[in-house]
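Data block below; observations after.
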Amino acid sequence: MRGDHSRSGLVSAWIRLDRLFEKLGNFSLAASGFLLFLMMVLVGAEIFSRSIFHVSTQISEEYSGYLFTWMTLVCFLYAQRNSRFLRIDAVRIRLPPRVRATLDALASLLAAVLTAIILYSTWEGLYASWMFQTTSIQYSQTPLYLPQAIMPVGFLMLLLAFLHTGIGSLLQVCGRLPMAPALPKPTTDLGDVS
């Protein structure tokens, strides 16, 4: 009886953590949409300024690049949580649930290791930019630690998401969490192609 109680506690805790990641993912998607909107406004202002006044804002190309990078990094959590990264689904969906969970755990934990390395590297770059007060070579002379600040944050969120997925898949393999249902097999019937 004690095992069932601890399992139900683990399942409910995992569900709460899953909901937290879901909320973070949805927030990151909304934030990414807002950053895209800002990028459109900036480019639109540049086009308007050049067309009407024959003057450049001098920052639109640089800041659009920063916004694009921020938008991409902010959306990594959402992409990972919603299986938007590349996978070989043609093979994966044909696997039994336990084998699929094992491979998902392995892939997620390896991705977490790679993400941890990237996180460390981006943190080092941010720290170096802060210490040396490095600025961009553009007209704005933007301190580079400002646009670089999102990089460790984005990779940390991605690392946590990969760890959550990997550990969740391992717990499924070990029987501590319910196994995901089998995926439907793809049909090979192309129908009438005439």
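No lab work stands behind these numbers, since they all come straight from the coordinates. Model, not experiment: these values are computed from the prediction. Positions of Cβ are backbone-derived with ideal geometry, glycine not excepted, and every protein chain shown enters the neighbour counts.
Between THR102 and GLU22, full extension at 0.36 nm per residue minus the direct alpha carbon distance yields a gain of 26.5 nm. When peptides 100-111, 77-88 are ranked by their average number of other Cβ atoms within 10 Å per residue, the highest-first order is 100-111, 77-88.
Normalising the average separation of contacting C-alpha pairs (under 8 angstrom, six or more residues apart) by the number of residues puts the relative contact order of the chain at 27 percent. Close amide H pairs (under 5 Å, H built 1.01 Å from N) link LEU177 with GLN172, residues at least 5 positions away or on another chain. Relative to the longest principal axis of the C-alpha atoms of the chain, give the angle of the C-alpha long axis of helix 2-48, reported between 0 and 90° and rounded to the nearest 10°. Approximately 20 degrees, to the nearest 10. Its Cα centre serving as origin, the chain has a Cβ charge dipole (Lys and Arg +1, Asp and Glu -1) of approximately 860 debye.
The peptide list 172-181, 153-162, put in order of mean Cβ contacts within 10 Å with the highest first, becomes 153-162, 172-181.
Comparing ARG16, ARG50, ARG98 in a Gaussian network model of the chain, where Cα atoms under 10 Å apart are tied by springs, the biggest mean-square fluctuation is seen for ARG50. Here the 3J(HN,Hα) profile of the range 68-76, calculated from phi with Karplus coefficients 6.51, -1.76 and 1.60 at θ = phi - 60°, is 5, 5, 4, 4, 5, 5, 5, 7, 4 Hz, Gly and Pro shown as x. Would you please classify the overall shape of the range 51-194 from the alpha carbon gyration tensor, given that a ≥ b ≥ c denote the square roots of the eigenvalues, rounded means a/c under 1.5, and beyond that prolate means a/b larger than b/c while oblate covers the rest? Oblate. Between amide H atoms placed 1.01 Å from N, distances below 5 Å from THR135 occur with LEU144, all of them 5 or more places distant or on a separate chain.
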